[in-house]
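Asks: For reference, the structure I am asking about is given below.
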Amino acid sequence: MSVKIIYFVHGTTLDNIEHKSTGWLHGDLSEKGIKQSIELKEKINLNEIDLVISSDLKRAVDSARYTFNDSKEILQDKRIRECNYGDLNGKDTSLVKYEEHIDANFPGGESLKDVEKRIRDFCEYLLNNYNGKTIALVSHKAPQLAFEVITKNISWEEAIEKDWRKTKDWKPGWRYEIK
């Protein structure tokens, strides 16, 4: 059993521009984020994708619709939401320190290990329902890092250190396989 994942992070949001960590708030795409989502269509092979699953948060749903709405079925799943930063949802990004919240919950929120648990459950769901398929996911930072941890068998510390947001190595889709 295996499922291929092509992982897309939602487009740039107004909060991104204002250096806010949106967390479980819905957030709105900026003009740049809308343009990124529309232009993504030209950078990917839509024919290899069997289904699109988006986080249920507005910024991811909107990105998925701009990219895939006229070509693919789009489902939503709350398990691939961003990390719940609790009291820090919508606050300055400098306050959201992933390194300090691998095991410890954000105040009033969850930890990165909690996100990993959600993503492991989601992976089981995919294996049980979409074996042999290629699924496009439109989601967020913490779930993507959880896929790095799960599929590459690396630590959270390593995933955080190698995060493309730090290395500036954006791609039009990251590929993972779950087995």
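Asks: For residues in segment 47-81 being of a type in the set (Gly, Ala, Ser) and at pLDDT 95 or above, which is nearest to Asp114 (Cα to Cα)?
Replies: Ser55
Asks: How many residues does segment 62-73 hold that are within 14 Å of His10 (Cα to Cα) and free of Cβ contacts under 8 Å to residues at least 60 places away in the same chain?
Replies: 3
Asks: Separate question: Given the conditions (1) under 30 Å from Glu31 (Cα atoms); (2) modelled with pLDDT of 95 or more; (3) hydrophobic (A, V, I, L, M, F, W, C), and given that Trp170 satisfies all but one, which numbered condition is not satisfied?
Replies: (2)
Asks: From the list Asn131, Asn84, Asn69, which residue is closer than 22 Å to Leu40 by Cβ, of a type in the set (S, T, N, Q) and out of contact with any Cys (no Cβ under 7 Å at 6 or more places or on another chain)?
Replies: Exactly one residue qualifies, and that residue is Asn69.
Asks: Of the residues that make up segment 82-90, is at least one touching a Lys or Arg at 6+ places or on another chain (Cβ under 9 Å), closer than 17 Å to Phe8 by Cα and modelled with pLDDT of 95 or more?
Replies: yes
Asks: Please verify whether segment 78-97 includes one or more residues that are in contact with a Ser or Thr (Cβ under 6 Å, 6 or more places away or on another chain), at negative phi and free of Cβ contacts under 8 Å to residues at least 40 places away in the same chain.
Replies: No.
Asks: Name every residue in segment 1-55 that is under 26 Å from Asn128 (Cα atoms), in contact with a helix residue (DSSP H, G or I) (Cβ under 7 Å, 6 or more places away or on another chain) and among the small types (Gly, Ala, Ser), in order of residue number.
Replies: Result: Ser54, Ser55.
Asks: Which of the residues that make up segment 2-46 are farther than 15 Å from Lys171 by Cβ, part of a helix (DSSP H, G or I) and either in contact with a Cys (Cβ under 6 Å, 6 or more places away or on another chain) or of a type in the set (Lys, Arg) (or both)?
Replies: Within segment 2-46, Lys32, Lys35, Lys41 qualify.
A quick yes/no check of all residues on (1) touching a residue at least 40 places away in the same chain (Cβ under 8 Å); (2) of a type in the set (A, V, I, L, M):
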| residue | (1), (2) |
| --- | --- |
| Val3 | yes, yes |
| Thr12 | no, no |
| Glu18 | no, no |
| Ser21 | yes, no |
| Trp24 | yes, no |
| Glu42 | no, no |
| Asp50 | yes, no |
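Asks: Restricting attention to segment 47-56, does a residue exist that is closer than 24 Å to Glu177 by Cα, assigned to a loop (DSSP other than H, G, I, E, B) and either aromatic (Phe, Trp, Tyr) or within 16 Å of the chain's Cα centre (by Cα) (or both)?
Replies: yes
The values are calculated or read from the model by the stated rules, or taken from the named source; none is laboratory data. All values derive from a computational prediction rather than experimental measurement. Note that each Cβ is placed from the backbone with ideal geometry, even for glycine, and that neighbours are counted across all protein chains shown.
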